[in-house]
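A.B. asks: Below is one structure. I have some questions about it.
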Amino acid sequence: MTLYEKSVAGRSAFSFGFEEDHAAAETCVPEFARAAMKPLPQVSELDLVRHFTNLARTNYGVDTGFYPLGSCTMKYNPKINERMAADPRLTMRHPLDDAADNQGVLQMEFELKESLQEITGMDDFTLQPACGAHGELTGMLIIHAYMRDHDAGRTKVLIPDSSHGTNPASAAMAGFEVVTVPSDERGGVDMDALDKLMDKTVAAIMLTNPNTVGLFEENITRIADLVHARGGLLYYDGANLNALMGLIRPGDLGFDVVHLNLHKTFSTPHGGGGPGAAPVGVKRFLADYLPIPVVVRRNGHYALDEERQHTIGRVSGFYGNTAVLARAYVYIRMMGRDGLLAASRAAVINANYVKALLSPYFPPAYDRPVMHETVLSAKGYDKYGVTLLDISKRLMDYGFHPPTIYFPHFPPYAEEVMMVEPTESESKETMDAFCDALIKISQEAKEHPELLLSAPHDTVVTRVDSTYAARHLVTSHRDKKGS
Amino acid sequence: MKMQNDARYAKSDEWVRVEGGVAVVGVSDYAQGKLGDIVFVGDVAPGLMLKAGDILTSVESVKAASDIYSPVSGKVVEVNHDVVAKPELMNSDAFGAGWLARIELSNPDELNGLMSAADYAEYRKE
Amino acid sequence: MLEKIGLQFDDIVTCFHGNSCVEGGLALPEGLTEDQMVEEWDTMMSQNSRPRKASLLGAGAYMHFIPAVVPHLASLPGFVTAYTPYQPEISQGTLQSLFEFQSFMVELTDMELANCSMYDGASSTAEAMLMAHRVKKSDRVLAAATVSPAYLATVRTYLEPHGIAVDVVRMDDNGQLSMSDLESQLSASACSAVLVQSPNYLGIVEDLSAIGTVVHAHDALFVESFTEAMALGLLKYGVGTGADVVVGEGQSLGLPMAFGGPHLGVFATLKKYNREFPGRIVGESVDTKGRPAFVMTLRAREQDIRREKATSNICSNHALNALTAAVYLGSVGESGFRALACENVAKLEKLIRGLESTGNFARVFRQSAVFNEAVLASSIAPEDVRSRLASLPVFPPLALARGVVPEVPGKPHTYLVCATEMLKDSLLEQVLGALS
């Protein structure tokens, strides 16, 4: 039941000491005022609390159990981050108030910027973008503006066939034509194809490294040299940075623009789909193109700098998701130099461990050690009449969130692949339990496929009819019959 | 795989057959199976002039979106409003009630360049 | 575990060979324990100035009362630590909360469908303009001069690479959109959309119905935007005013200002655009047992399916903030939300009357209706305003640059002054005292 359905006329959860005469206010803007307040809920505070508390209980979260989601890096969200981010000395700051009165917040942002520069090997950062896709757009807008000024005619961007969907979508939104680069049989960028495609109409190549198949791009130096030699730039999608912290830096590999996902690598919570934050880092020659304002330090004071000669402008109303940045700041500060390295090492070891346990049942897509995630194939289970979707739904009955399925989406594993990323947060015991469950399910597929086909059984709702949802669109209470 | 033997097929899974001098175009049963439950069929402007390979319309399922390419050149003279209103017809009857458009052929020789039913069946054999 | 893998760590990372690896560790300080972190954070945050109880500063971020129940429910770990609800069977909490948010947005904006959030008002507005361009195809849009400068800048950044011109429609002497300039700009050449913010950047309520009629006569999309969501409790938007899209900032709905983010992008539109709009949307359906169940729908518009042809690149949005807004609206409820909107109007009116009676301030746009912000001219300079208010727990108002609004003789300094329900009478009196 929704809050509307629980509403009783006249009930309220609100308690506030109003001081003014509202009758006058009601009529002061007569010609524009809405006739009557359109329906909002009328519930007591207890009803409100029970409503959302019970809804929260139907949700799976990192605090509930393991998320083996490839390329999502669902690591633990430390509670100290939450406490610091809720500090009223941060939450009660107005963004347009004088910088002199906000030195604490600005210091936090500046030091975060510096840490990210060190971790990635980049020279400057904007903290404005709100989520990964927003960061990608920002980075690609920077490249677009740079090329407009220096080398017009570069209208294309090269993107591997294995890329996350946001890459081509962001490139198109930034005004580019997208050209797909195929992968070779080892799972990396096909160098011959790249050689043919990289010419003076190409502005940049967008790469994730390790790529979405969990493999480190072996030819990255050759790719960087080739693209740069022919006048292009390299964009780094930082979704998979969790494999590299303290080991290798995208800036050192030749990337010119980088975005990071703080809600992945840097432990800020996912919130059911955001808010996140996606700082974008650049090499010095692009620093003038960053969106304004940029946090700077001058003579020991922190300020918001609007003097970027060739700025692309703004991508958001203010300066970025400060409360999310604060969480990442605390994470990085507490992990420190050694903690970040240990995290990446453990992430890589854990992924290889899970791959070793599951390979006999779900063969890996590529016969190479993986980085922080592994892609495993479920091809062959269709002879029992089950699909990867059925396998993943059955995992919920074992108390696990399914891994990423049907992605990446490219030959030769165009269909039945799953991506597993344990992250460094998970213990051996948890990973063993997860792998045991999947192995049991692989047996069930042969002996009792009906268990998979009707899964999940133990959840608050069973499989939801997406076709019905799309064919009979009900996206608000107003759409429901009788309201 | 359901087939329609008197139709010709494009590599991109569209079929075409000629009825009363006008080409009828749709999407093959194989293709609708791959797409899954169709939830949306884009409307087509009547009178639209197309070359073979131009985008005729697009269709969506819950998990995929696909552009539909016209296998022939000509002018759209009729659009199947039934399938636009009830996209599920494309799933249940891809060769019949799920047809998309009638096109007045400008170059009937193009039909020879398309696959026969037998060739298409071979091409799409899994 | 390494035994099971059969390799040493260095063997796993042989792929790094030939690339410059980090030598000697990152140049970052050592990590901290929890108590050390608290200590260091405290020292840093004490560099901010004293806490405030009210804000005379608005301009896109507003200090409102947040009931205790709101952060309590919004911080439940089931919501906070959940992933995007791609697996609806174990995400009904997120999905239903977002459905409820969508429902509230449809009611407040008086539109037909709303997505389950975008990043903020500025980027939502930019995406609305891109959508209008997809629908109408003309490489030109109009935007009122009285749209928030940050929103206009964001729109320009998003539209620039597509070669879409953004032409500005002038303000009239009342601080509203000039209808004559609108007519002439629309007649000059085709455009895809007209963007008008209400209340506008100067706090003034625009005549959206009149504007909508003119816009539609010229076959463009009418995009209404707002920076202050509380205005939705009192002012008319949406279908009744001819809107095609209503976008704006939902921060006032239970979210702290937090130095600018994360806030909440609202995007609402008409059903006829249901293939064109950006962002995720939750629909109601049934499960295999026929029970009501929520699921993300209309997914084929999105980046993971459409890739470069997607309606937007947006993937994650601000779901937890949308949930927070839903809790807030459930908490203040139907009567509370309207009462708050009225309180805001009345507080500003009281503050302005008080400031005018000091003799140091005068309303600049005397004829125009405002919500909770207004432009006042003053004989007192900004540094002096700041120092007079320095001992009070209020954020001082925004000083506008010269020439933004018409000059008032004897009062060369102009301010955008905000008042919300947080400005209690006792504090209001102290403000008046300080500025007399």
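The values are calculated or read from the model by the stated rules, or taken from the named source; none is laboratory data. Source: prediction; values computed, not measured. Don't worry about glycine lacking a Cβ; one is built from the backbone with ideal geometry, like all the others, and counts go over all protein chains shown.
A.B. asks: With the structure loaded, tell me whether C:LEU142 is of a type in the set (A, V, I, L, M, F, W, C), within 24 Å of A:LEU96 (Cβ to Cβ) and either touching a residue at least 60 places away in the same chain (Cβ under 8 Å) or assigned to a loop (DSSP other than H, G, I, E, B) (or both) or whether it fails that test.
C.D. replies: no
A.B. asks: If you go through the range C:358-397 one residue at a time, how many are assigned to a helix (DSSP H, G or I) and either among the basic types (Lys, Arg) or touching a residue at least 40 places away in the same chain (Cβ under 8 Å) (or both)?
C.D. replies: Final tally of qualifying residues: 4.
A.B. asks: Another question, if that's okay. Of the conditions (1) assigned to a loop (DSSP other than H, G, I, E, B); (2) free of Cβ contacts under 8 Å to residues at least 24 places away in the same chain, C:GLU160 clears all except one; give me its number.
C.D. replies: (1)
A.B. asks: Output the residues belonging to the range C:239-276 that are in a loop (DSSP other than H, G, I, E, B), surrounded by fewer than 24 Cβ atoms within 10 Å (Cβ to Cβ) and under 22 Å from the mean Cα position of the chain (by Cα).
C.D. replies: C:GLY242, C:PRO256, C:LEU270, C:GLU276 - these are the residues of the range C:239-276 that are in a loop (DSSP other than H, G, I, E, B), surrounded by fewer than 24 Cβ atoms within 10 Å (Cβ to Cβ) and under 22 Å from the mean Cα position of the chain (by Cα).
A.B. asks: Across the range C:55-83, which residue is farthest from A:THR91 (Cα to Cα) among those that are within 8 Å of chain A (Cβ to nearest Cβ), without any contact (Cβ under 8 Å) to a residue 40 or more places away in the chain and of a type in the set (A, V, I, L, M, F, W, C)?
C.D. replies: C:ALA82
A.B. asks: Oh, and also: Any idea which of (1) part of a strand (DSSP E or B); (2) farther than 25 Å from A:ALA204 by Cα is the one A:GLY272 doesn't satisfy?
C.D. replies: (1)
A.B. asks: Something else about it: Checking the condition without any contact (Cβ under 8 Å) to a residue 60 or more places away in the chain, farther than 26 Å from C:ILE12 by Cβ and away from chain B (no Cβ under 14 Å), which residue from A:GLU429, A:GLU415, A:GLU447 passes?
C.D. replies: Among A:GLU429, A:GLU415, A:GLU447, only A:GLU447 is without any contact (Cβ under 8 Å) to a residue 60 or more places away in the chain, farther than 26 Å from C:ILE12 by Cβ and away from chain B (no Cβ under 14 Å).
A.B. asks: Take the conditions of a type in the set (Val, Ile, Thr) and modelled with pLDDT under 95 and apply them to C:VAL13. Does it pass?
C.D. replies: It is true that C:VAL13 is of a type in the set (Val, Ile, Thr) and modelled with pLDDT under 95.
A.B. asks: I'd like the residue in the range A:120-157 that is of a type in the set (D, E, K, R) and either part of a helix (DSSP H, G or I) or at pLDDT below 95 (or both) and, out of all such residues, is surrounded by the fewest Cβ atoms within 10 Å (Cβ to Cβ).
C.D. replies: A:ASP149
A.B. asks: Name the single residue, out of those in the range A:346-385 being crowded, with 20+ Cβ neighbours inside 10 Å and among the hydroxyl-bearing types (Ser, Thr, Tyr), that is farthest from the other protein chains (Cβ to nearest Cβ).
C.D. replies: A:TYR381
A.B. asks: Residues that are more than 30 Å from C:LEU427 (Cβ to Cβ) and among the acidic types (Asp, Glu), at least 1 per element: which helices (runs of 4 or more DSSP H) completely within the range A:1-99 meet that?
C.D. replies: Passing ranges, in order: A:3-6, A:45-57, A:79-85.
A.B. asks: In the range A:174-188, is there at least one residue being facing chain C (nearest Cβ under 10 Å), at pLDDT 95 or above, in contact with a helix residue (DSSP H, G or I) (Cβ under 8 Å, 6 or more places away or on another chain) and surrounded by 24 or more Cβ atoms within 10 Å (Cβ to Cβ)?
C.D. replies: Yes, the conditions are met somewhere in the range A:174-188.
A.B. asks: Restricting to the range C:85-117, give me the number of residues that are over 22 Å from the mean Cα position of the chain (by Cα) and within 7 Å of chain A (Cβ to nearest Cβ).
C.D. replies: Residues meeting the conditions: 9.
A.B. asks: Which strands (runs of 3 or more DSSP E) sit wholly inside the range A:291-393 and have at least 3 residues that are out of contact with any Gly (no Cβ under 7 Å at 6 or more places or on another chain)?
C.D. replies: A:294-298, A:301-305
A.B. asks: Now for a separate question. Please list, ordered by residue number, the helices (runs of 4 or more DSSP H) wholly in the range A:189-259 having 2 or more residues that are under 26 Å from the mean Cα position of the chain (by Cα) and of a type outside the set (A, V, I, L, M, F, W, C).
C.D. replies: The helices (runs of 4 or more DSSP H) meeting that bar are A:250-253.
A.B. asks: Quick one: which of C:ASP219, C:ASP244 is over 27 Å from A:ASP465 (Cβ atoms), of a type outside the set (Val, Ile, Thr) and modelled with pLDDT of 95 or more?
C.D. replies: C:ASP244
A.B. asks: Now a separate question. Which ones in the range A:158-188 are in a strand (DSSP E or B) and without any contact (Cβ under 8 Å) to a residue 40 or more places away in the chain?
C.D. replies: Within the range A:158-188, A:GLU177, A:VAL178, A:VAL179, A:THR180, A:VAL181 qualify.
A.B. asks: Applying the selection to the range A:240-252, what residues are surrounded by fewer than 24 Cβ atoms within 10 Å (Cβ to Cβ) and of a type in the set (A, V, I, L, M)?
C.D. replies: A:LEU247, A:ILE248
A.B. asks: Test each condition in (1) at pLDDT 95 or above; (2) part of a loop (DSSP other than H, G, I, E, B) for A:PHE434 and report the one that comes out false.
C.D. replies: (2)
A.B. asks: Looking only at the range C:17-54, which residues are within 7 Å of chain A (Cβ to nearest Cβ), under 37 Å from the mean Cα position of the chain (by Cα) and of a type in the set (Ser, Thr, Tyr)?
C.D. replies: Across the range C:17-54, the qualifying residues are C:SER46, C:SER49.
A.B. asks: Is there any pair with a first residue in the range A:205-216 that is farther than 17 Å from A:SER170 by Cβ and a second that is among the acidic types (Asp, Glu) and surrounded by 24 or more Cβ atoms within 10 Å (Cβ to Cβ) whose Cβ atoms are under 6 Å apart and which are 6 or more apart or on different chains, and what are they?
C.D. replies: A:GLY214/A:GLU373
A.B. asks: Take A:GLY104 and decide whether it is at the interface with chain C (Cβ under 7 Å from one of its Cβ atoms) and small (Gly, Ala, Ser).
C.D. replies: The answer is yes for A:GLY104.
A.B. asks: So A:THR221 ticks every box in (1) among the hydroxyl-bearing types (Ser, Thr, Tyr); (2) touching a residue at least 60 places away in the same chain (Cβ under 8 Å); (3) surrounded by fewer than 21 Cβ atoms within 10 Å (Cβ to Cβ) but one. Which box is left unticked?
C.D. replies: Looking at each condition in turn, A:THR221 falls short on (2).
Residue-by-condition table, conditions (1) touching a Pro at 6+ places or on another chain (Cβ under 8 Å); (2) small (Gly, Ala, Ser):
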residue	(1), (2)
B:TRP15	yes, no
B:GLU19	no, no
B:GLY26	no, yes
B:ASP29	no, no
B:GLY33	no, yes
B:VAL44	no, no
B:GLY47	no, yes
B:SER70	no, yes
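A.B. asks: Let me ask you something else. Hey, any hits in the range A:452-465 for a residue that's among the small types (Gly, Ala, Ser), within 27 Å of the chain's Cα centre (by Cα) and more than 14 Å from chain B (Cβ to nearest Cβ)?
C.D. replies: So far as the range A:452-465 goes, no, none of its residues is among the small types (Gly, Ala, Ser), within 27 Å of the chain's Cα centre (by Cα) and more than 14 Å from chain B (Cβ to nearest Cβ).
A.B. asks: Please work out if C:SER335 is free of Cβ contacts under 8 Å to residues at least 12 places away in the same chain and assigned to a helix (DSSP H, G or I).
C.D. replies: When the stated conditions are applied, C:SER335 passes them.
A.B. asks: A:ASN299 passes all but one of (1) closer than 29 Å to A:ASN81 by Cβ; (2) over 23 Å from the mean Cα position of the chain (by Cα); which number fails?
C.D. replies: Tallying (1) closer than 29 Å to A:ASN81 by Cβ; (2) over 23 Å from the mean Cα position of the chain (by Cα), A:ASN299 fails exactly one: (1).
A.B. asks: If I ask for residues that are within 20 Å of C:LEU177 (Cα to Cα) and basic (Lys, Arg), which ones from the range C:367-423 would you list?
C.D. replies: C:ARG402
A.B. asks: Would you say A:ILE439 is of a type in the set (Val, Ile, Thr) and surrounded by fewer than 16 Cβ atoms within 10 Å (Cβ to Cβ)?
C.D. replies: Against the criterion (of a type in the set (Val, Ile, Thr) and surrounded by fewer than 16 Cβ atoms within 10 Å (Cβ to Cβ)), A:ILE439 qualifies.
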